[in-house]
Structures are given as C-alpha cells and as structure tokens.
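Worksheet for the structure shown next.
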Amino acid sequence: MSDDTGTAVVVGLGNPGPQYEKTRHNIGFMVADVLAGRVSGKFSAHKRSGAEIVQTRLVGRQVILAKPRSYMNLSGGAVSGLARFFSVKPENIVVIHDELDLDFGTVRLKQGGGEGGHNGLRSISQSLGTKDYLRTRVGIGRPPGRQDPADYVLKPFSTVERKELDLVCEEAADAVELVLQLGLEAAQNRLH
C-alpha cells in the first residue's frame, strides 16, 4: 500500500471534437471514460483548469479524473491548472496516453523519462516543470510502412484493433487503479 493516499489527478489525453473521437491518439480519453463509468461519474467543465473532470473516489483515494479540453499539444495547461487547484504533486498525477513504442494492447506503467516525441507529454512536462509524473502507457504500435506517425495517431483504430479496444481500455483502467492503490513499484510488479 502506498503511504501517500492524498488526492490524485488522473488525466486521459486526447483531442476534443467528434472527428478525433475514435482515433489512436484519443485512447487516453477512452480509458478516462472507462474509469468514470466504473463510478457512474459524468464529466463536467472545470473552468479554472480548462478540463472536463469527475471528482470521485477510486480504490479508496480521492481522485480527479480529467480530460483536457485543449488540443493534445496544449494538454499541459489543463494538467498544471488541476495540480495547482487541487494541490496535487507531480508524483500523484497519472497521465494515460497512447504509446507508439509499445505493441497494440500492451499496457505499461512508468514514472518520468522522455516523452518519445509525444506532444501531449512534452506539454505536460513543460507546464509542470518536471517529468516526474506517473504514466499509464497504452500501446498503439508503430505505423505500417512509411506512414508518418503524426498521421497514424490521428487515424481510427483498424477493424482488428477495434475488436480488442474495449478490453485494452479496461486493462489500462485496471492499471491506473493498481498504481493508485499500490504505488508504482508494486503495481509494475503485478502488471509487467
């Protein structure tokens, strides 16, 4: 059990608007929706941060579930706004994001490290002034052939992937709950 059971901010990354809803880049939003669904929570606008949030309890902890309303590459403003408003330190922030360097459906937890060209993570690191927040990395795999990763992440999941997508989102949501409940190391041991 983690000795720090203070409030946590759990942020799913994505882009707003119906044209992005089903794209690979929005898997963070999808996982946030799964977590909200588990507590029958409804997202509503939080004007001070520019995010949609659900204030709830998950695995015994006070949690702010959030989806920034800005585009992915500006996610940091909403995340740092929430961190300030709710007085949450970076080590109690969990960012759920798509990860090109993991095969589709693989879920991994980590803290800190590089952003791997992910503009959402880069924005958050800059806004928080640190890379030491927690990450739930949801694998989307590499683009086929010579397809530009920037195009690939904005495309919908393939038919084959869509069949497994709900399960992947559930597994990522489980991983978020594990890290909130057990802390990073114990959660990694169980997950990886």
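The values are calculated or read from the model by the stated rules, or taken from the named source; none is laboratory data. The model shown is predicted, which means the values in this text are computed figures rather than measured ones. With ideal geometry, Cβ positions are generated from the backbone for all residues, glycine too; neighbour counts draw on all protein chains shown. Surface accessibility is based on the protein's heavy atoms, side chains included, excluding ligands, DNA and RNA. Shrake-Rupley method; radii C 1.70, N 1.55, O 1.52, S 1.80 Å.
Details
- Some residue of region 50-66 being in a loop (DSSP other than H, G, I, E, B), more than 22 Å from LEU100 (Cα to Cα) and open to solvent by 40 Å² or more (accessible area, probe 1.4 Å): yes
- Filter result for the condition that a residue is open to solvent by 70 Å² or more (accessible area, probe 1.4 Å) and either assigned to a helix (DSSP H, G or I) or on the phi > 0 side of the Ramachandran plot (or both), over VAL168, VAL176, VAL160: VAL160
Residue-by-condition table, conditions (1) among the aliphatic types (A, V, I, L, M); (2) modelled with pLDDT of 95 or more; (3) farther than 19 Å from THR7 by Cα; (4) over 14 Å from the mean Cα position of the chain (by Cα):
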| residue | (1), (2), (3), (4) |
| --- | --- |
| GLY37 | no, yes, yes, yes |
| GLY41 | no, yes, no, yes |
| GLY81 | no, yes, no, yes |
| LYS89 | no, yes, no, yes |
| ILE93 | yes, yes, no, no |
| ASP98 | no, yes, yes, no |
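- The condition (being in contact with a helix residue (DSSP H, G or I) (Cβ under 8 Å, 6 or more places away or on another chain) and under 25 Å from ALA186 (Cβ atoms)) is satisfied by just one residue among ILE53, ILE93: ILE93.
- For the condition at pLDDT 95 or above and either loosely packed, with under 14 Cβ neighbours inside 10 Å or within 17 Å of the chain's Cα centre (by Cα) (or both), GLY116 does not qualify.
Residue by residue, here is whether (1) aromatic (Phe, Trp, Tyr); (2) buried (at least 21 other Cβ atoms within 10 Å of the Cβ); (3) in a helix (DSSP H, G or I); (4) touching a Lys or Arg at 6+ places or on another chain (Cβ under 6 Å) holds:
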{"position": "SER80", "(1), (2), (3), (4)": "no, no, yes, no"}
{"position": "GLY120", "(1), (2), (3), (4)": "no, yes, yes, no"}
{"position": "SER123", "(1), (2), (3), (4)": "no, yes, yes, no"}
{"position": "GLY141", "(1), (2), (3), (4)": "no, no, no, no"}
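- Looking only at residues of region 179-190 that are among the aliphatic types (A, V, I, L, M) and touching a strand residue (DSSP E or B) at 6+ places or on another chain (Cβ under 6 Å), we find that the one that is surrounded by the most Cβ atoms within 10 Å (Cβ to Cβ) is VAL179.
- Leading residue by the ranking (surrounded by the most Cβ atoms within 10 Å (Cβ to Cβ)) among those in region 82-109 that are among the acidic types (Asp, Glu) and in a loop (DSSP other than H, G, I, E, B): ASP101
- Meets criteria (of a type outside the set (Ser, Thr, Tyr) and either free of Cβ contacts under 8 Å to residues at least 12 places away in the same chain or at positive phi (or both)) for PRO144: yes
- Here LYS42 passes the criteria (1) open to solvent by less than 40 Å² (accessible area, probe 1.4 Å); (2) free of Cβ contacts under 8 Å to residues at least 24 places away in the same chain; (3) assigned to a loop (DSSP other than H, G, I, E, B) except the one numbered (1).
- Condition met for ALA36 (open to solvent by less than 50 Å² (accessible area, probe 1.4 Å), farther than 20 Å from SER125 by Cβ and aliphatic (A, V, I, L, M)): yes
- Pairs, first under 19 Å from ASP151 (Cα atoms) and touching a residue at least 24 places away in the same chain (Cβ under 8 Å) in region 88-111, second among the charged types (D, E, K, R) and open to solvent by less than 30 Å² (accessible area, probe 1.4 Å), C-beta under 8 Å, six or more apart: HIS97/ARG135; ASP98/ARG24; PHE104/GLU161
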